[in-house]
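Step one of this worksheet: look at the structure below.
None of the figures in this text is laboratory data; all of them are computed from the coordinates on show. Keep in mind that this is a model prediction, so the values were computed, not measured. Neighbour counts are summed over all protein chains in view; Cβ atoms, including those assigned to glycine, are modelled from backbone coordinates with ideal geometry.
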Ligand code: NAD
């Protein structure tokens, strides 16, 4: 199943809704630059990509993923979503993404360092604060960003902290970055509740994926009185209909356990978790989790996509028929890249901004972006999905930028 073909189907709908010409649409159907290298370390091969989807609004921007299932189709789709996400978030970036196909869980720290440095040796010419700016994604983190920055600076011979975001604070990172994606997701979930579930208490939530995005999201929701009844990681899920003690479970997970080893709950599979009865389902793992095979069994009334692309195009149609409201990835998980933008801006100006001010700014940006998407949804008489509303805004801005540049 091609993830990218799903994106083309979604774009076709936007073209019809907005009456966009085929000629203009061409600017969005292909990435502007696909860089691929087969890296080799000690006789082992590591297929690696860096793909820039769009440069209409600014330099490339998007994370680097380490996973055994990374493919060109996936990286291209992730780069496409970054282009839309950055456009929707109103930040001065195009869209890009990178990835290396290998299983990081089987690599030692030394091997991870070598793989990360080799990636930069292969791609550094295409990277830079004004060219393309990577960040962490699945199974990459601040340590990996540090090795990459160090290798890049060795190659180019000068300091350039703005070439990468998600760095530790000591290297020009920003305190907010750690939980920024979850914070943004939490804020739009509050907006969603305010519009659709106002006054309801004890709202039940399920979170698939208990990593950077999902764990912080579960913590924030639990702290705010939401009843988190199930969470999962790659090994499976844990369910307690009375609500899980998320603080305790997070501590347990951070000690190196799988959530399925946690005692106070029933162990379930990831497939079962998705189909449980709940008010809100937060998807915070990987792509293609809800497909045409399980969409009709979904009982959640609302879905928040913290992961990129967790619902396929076919599944979207089934969920829409079931009147399930989905807060789309390009809105729900944009807190991470918005805070990356703050980090990049600080690195470029040398100015250090107050953390409270930035947290407030993130809140304002998320509320504004939610408001724009919701208004577009209302302007179409609620006959389009929130995803279509978000895509419409994002696509229009990219095409306007392309027009001003005289490219279309
Ligand atoms: P992560 O590596 O920190 O965590 C991923 C989590 O998902 C882990 O708990 C892992 O065990 C779990 N997982 C993996 N496969 C699973 C499966 N089949 N079923 C259930 N759980 C599974 O990654 P992350 O940074 O939290 O990213 C998660 C998603 O959020 C990705 O789609 C990523 O692109 C997206 N995202 C993350 C950020 C960010 O800032 N971290 C920003 C935007 C989008």
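As a length-normalised measure over Cα pairs under 8 Å and 6 or more apart, the relative contact order of segment 249-309 settles at 33 percent.
Where both bridge residues fall in the chain, DSSP classifies roughly 50% of the beta bridges as antiparallel. When the P(r) of segment 322-398 is calculated, the portion above 19 Å amounts to 45% of the C-alpha pairs. Computed over the chain, relative contact order equals 16 percent, with contacts defined as Cα pairs under 8 Å that lie 6+ residues apart. Each semi-axis of the equivalent ellipsoid for segment 115-180 is √(5λ) with λ an eigenvalue of the Cα gyration tensor; in descending order they amount to 18, 13, 10 Å. For the peptides 161-167, 374-380, residues were scored by their other Cβ atoms within 10 Å and the scores averaged per peptide; the highest-first order is 161-167, 374-380.
Please report the base-10 log of the normalised intensity I(q)/I(0) for segment 1-90, using a Debye sum with one equal scatterer per alpha carbon and no solvent, at each q in 0.19, 0.22 (1/Å). One equal scatterer on each Cα of segment 1-90 leads to -0.94, -1.17. Ellipticity at 222 nm from helices only: DSSP H runs of n ≥ 4 in the chain, each -39500 (n - 2.57), divided by the residue count, give -14500 deg cm²/dmol. Among beta bridges identified by DSSP and lying wholly in segment 213-345, the antiparallel ones come to about 45 percent. Going from the fewest other Cβ atoms within 10 Å to the most, the residues 398, 318 appear in the order 318, 398. In terms of packing, defined here as the mean over residues of other Cβ atoms within 10 angstrom, the peptides 26-33, 265-272, 78-85 line up highest first as 78-85, 26-33, 265-272. Once divided by 2.2 N^0.38 Å, the Cα radius of gyration of the chain becomes 0.94. Legend: ranking of residues 262, 341 from fewest to most surrounding C-beta atoms inside 10 Å; resulting order 262, 341. Could you grab the relative contact order for segment 1-117? Cα pairs under 8 Å, six or more apart, rounded to a whole percent. The normalised contact order for segment 1-117 reaches 26 percent. Put in order of Cβ neighbour count within 10 Å, fewest first, the listed residues 65, 117 become 117, 65.
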